[in-house]
Amino acid sequence: MRRVRFLSLFLFAVSFCFLSACPEVKLSRKEQEKTYRGLELFSEALAKVQTRYVDKKSPKDLTYGALKGLLGHLDPYSQFLEPDDYKDLISDTEGEFGGLGIEISIKDGLLTVISPLEGTPAWDAGIKAGDRIVRIEGEVTRGISLTDAVKKLRGMPGTKVKITILREKTGLIKDIEITRRIIKVKDIRKAFILKDKIAYLRISEFRENTAQEMDSVLKRLLKQGMQALVLDLRNNPGGLLYSAVDVASRFIEQGKLVVYTQGRADGKKEYKSIAGITRFVKMPIAVLINSGSASGSEIVAGCLQDYRRAVIVGTKSFGKASVQTIIPLSDGSALRLTTAKYYTPKGRLISNEGIHPDIVVEYKEQKVKPTKEEQVFEKVEEKDKKESKEEKEIQRLYYDDNQVQRAVDLLKALLIVEKSR
């Protein structure tokens, strides 16, 4: 019992030091008193668990469990990371890891797919943004933490994992077995002239060199006659903040506000368009988004929408735009804590709200055959096969994707209006 009392007093003392010395937040005396009363209740409960629970538990297990509950109660993105989990999180930033290729979150208490990454096992298996993962290897996922979900979904390349997904719009419940493999992230998936001097550029994620890669792609498209651009951010789960700011900077004037964050501790932080880059401030742009567009893609879409630099086409984005700060702790564990929320230049909250398109276009799978005049691939000589592969991909994208079609038609109209002025 003496050990229990000591532990309770120790937790109380640590909390007091945190409350009185922490420079980030200053609590009023009344708030501190409420916190102390809460800590007394916690200490009382901890003592009961240690002395009366049927199995003996170490102070470390109890502390970690309490911290997981504390962080998990805040929002879907705050987490307590045990030392191994923290190491795994660091490895995620290296751009290559073993897994399925999905971004996940907890939404409405359910494990939810933010977005499948194109070209990964999850994408190939038909996983879609918004799918609920209700079971992993037969175990129900309700109440699971993000950390535990990631642990269950990851594994050695070549091994298989069975998941059960619920697609709420259609009521589909389906078991899917997916083979894990090394996930190699490619920022820019596709870039070509699509039709009538209208270019198509798909960014799958915002990473360290995305903006620089985009520069070289845009220069090539300009040489090919690009006059307007479809920027596809569908199923783009985000990535690095500065990368998203750099991408948006290409399409607005220098020094313009791209996004800002607002938090209790850090106050307001503004991120403005950078200098020293080639800009496309007058080029007509249509941005494609859907429920798999999150974080960085919402920042870009919201910025261009606020400045009327692009028409946003598709469906509402995911609404995941908050700042998570990693705070290492003394034993190698860490807190992943939401410390601020993102706002568009006009002050619209992105987190939980998402970006609403200017023109709503629900995606519909379709197979539309081109006219005879447009079937340019029937007789292709052997030497032209490499070129025809890309051209076939262009035709397949245009004729099978109704959202792309709508964006192209919109840009055609804008180009006609421009020429008539």
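All of (1) touching a residue at least 60 places away in the same chain (Cβ under 8 Å); (2) of a type in the set (S, T, N, Q); (3) crowded, with 21+ Cβ neighbours inside 10 Å hold for S243 with one exception: (1). For the stretch 320-342, filtering for residues that are assigned to a loop (DSSP other than H, G, I, E, B) and either crowded, with 20+ Cβ neighbours inside 10 Å or of a type in the set (D, E) (or both) leaves 3. From A286, A244, A294, which residue is part of a helix (DSSP H, G or I) and assigned by TED's automatic domain parsing to the domain that holds S317? None of the other options fit; the residue is A244. Going through the stretch 337-367 one residue at a time, which ones are closer than 16 Å to K268 by Cα and of a type in the set (V, I, T)? If the condition is that a residue be closer than 16 Å to K268 by Cα and of a type in the set (V, I, T), then T338, T339, T344, I350 are the ones that fit.
Apart from one condition, E374 fits all of (1) modelled with pLDDT of 90 or more; (2) surrounded by 11 or more Cβ atoms within 10 Å (Cβ to Cβ); (3) not assigned by TED's automatic domain parsing to the domain that holds I289; the exception is (1). Within the stretch 117-128, the set of residues being at pLDDT below 90 and either in contact with a Pro (Cβ under 9 Å, 6 or more places away or on another chain) or not assigned by TED's automatic domain parsing to the domain that holds V150 (or both) comprises L117 only. Taken as a whole, the stretch 290-303 holds no residue that is at pLDDT 95 or above, closer than 20 Å to D131 by Cα and surrounded by fewer than 19 Cβ atoms within 10 Å (Cβ to Cβ).
Could you list, in sequence order, all residues of the stretch 247-280 that are under 21 Å from K341 (Cα atoms), in a loop (DSSP other than H, G, I, E, B) and hydrophobic (A, V, I, L, M, F, W, C)?
Across the stretch 247-280, the qualifying residue is only A265.
Do we have any residue at all in the stretch 159-167 that's under 30 Å from G65 (Cβ atoms), modelled with pLDDT under 90 and outside any loop (DSSP other than H, G, I, E, B)? No: zero hits.
Consider the stretch 178-215. How many of its residues are in a loop (DSSP other than H, G, I, E, B), under 16 Å from the mean Cα position of the chain (by Cα) and either closer than 30 Å to L415 by Cα or at pLDDT 95 or above (or both)?
Going residue by residue through the stretch 178-215, those that are in a loop (DSSP other than H, G, I, E, B) are 180, 185-187, 196-197, 204-205, 207-209.
This time we only want the ones that are under 16 Å from the mean Cα position of the chain (by Cα), so: 185-187, 204-205, 207-208.
Those still in the list that are either closer than 30 Å to L415 by Cα or at pLDDT 95 or above (or both) too: 187, 204-205.
The number of residues fulfilling the criteria is 3.
For every residue, the table says whether it meets (1) surrounded by 16 or more Cβ atoms within 10 Å (Cβ to Cβ); (2) in contact with a helix residue (DSSP H, G or I) (Cβ under 7 Å, 6 or more places away or on another chain); (3) of a type outside the set (D, E).
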| residue | (1), (2), (3) |
| --- | --- |
| T164 | yes, no, yes |
| I173 | no, no, yes |
| K186 | no, no, yes |
| F192 | yes, yes, yes |
| K195 | yes, yes, yes |
| E205 | yes, no, no |
| T210 | yes, yes, yes |
| S216 | no, no, yes |
| Q224 | no, no, yes |
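If you go through the stretch 175-184 and keep only what is hydrophobic (A, V, I, L, M, F, W, C) and either crowded, with 16+ Cβ neighbours inside 10 Å or within 24 Å of L233 (Cβ to Cβ) (or both), you end up with I176, I178, I183. Residue count for the stretch 113-148, restricted to those that are aliphatic (A, V, I, L, M) and surrounded by fewer than 21 Cβ atoms within 10 Å (Cβ to Cβ): 6.
The values are calculated or read from the model by the stated rules, or taken from the named source; none is laboratory data. Bear in mind that the values here come from a model prediction, so they are computed numbers and not experimental data. Because the Cβ atoms are built from the backbone with ideal geometry, glycine has one as well, and the counts that use them run over all protein chains shown.
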